[in-house]
């Protein structure tokens, strides 16, 4: 099925997925991961593309790599939050060193975002068919958000799709994600490397991805909302 045909099945505005059936609940109990409607639709949207290229912006996971590679995808990884943490650690060290020798002006948040993105996500336009952004947007400052989404729009091919996750409330713990063989994903609690910044309302999500032509969201019972954004 062509991209255009598939795109027509997605609502032009955010929608809420229905709750699981009794049969679905029973099946879920036998699985170790979290059932993800967005992941299933993400895979469906890319299913007609031979050797589709995916950018995974989360923590590098061998399980996730194996899952997509075995399905014929080509995967590039870019641990966005860890790169941002390392960038800020270097910046803080530079400021501390500068204060010892004299006055050093702290750069603005806009300046930091621009400098950080000079070396990250530097891919040619239309490089990827899909992007796994996970819950990264919840951890980005406002100065970073619009710049990153614009960059993702640029490096996506026409018809490309971004999968993102949004917390409905401040999470109790910091987690990363990995995809399991049964097409579910698992949340892995880890020491935090970034601070949760923002809880998005539906209108804010749609405004953030305004350049994308189609969007769809799924609301879960575990305070997670999944979003698909189609270029």
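All of the numbers you see were taken from the coordinates with simple rules; none came from a lab. Everything numeric here is computed off the predicted structure, so don't read it as measured data. We place every Cβ from the backbone using ideal geometry, glycine too, and count neighbours over all the protein chains shown.
In terms of its Cα atoms, the stretch 32-230 spans 59, 37, 35 Å along the principal axes, sorted from long to short.
Rounded to 0.05, the FRET efficiency of the residue 62 and residue 90 pair, given R0 = 35 Å and the Cβ-Cβ distance, is 0.80. Working from Cα pairs under 8 Å separated by at least six residues, relative contact order for the stretch 32-230 is 27 percent.
The label-point distance for residue 79 and residue 195, in a model that sets each label 7 Å from Cα toward Cβ, rounds to 2.2 nm. Restricting to the stretch 81-213, compute how many DSSP beta bridges are antiparallel as a %, nearest 5. Percentage antiparallel, nearest 5: 50.
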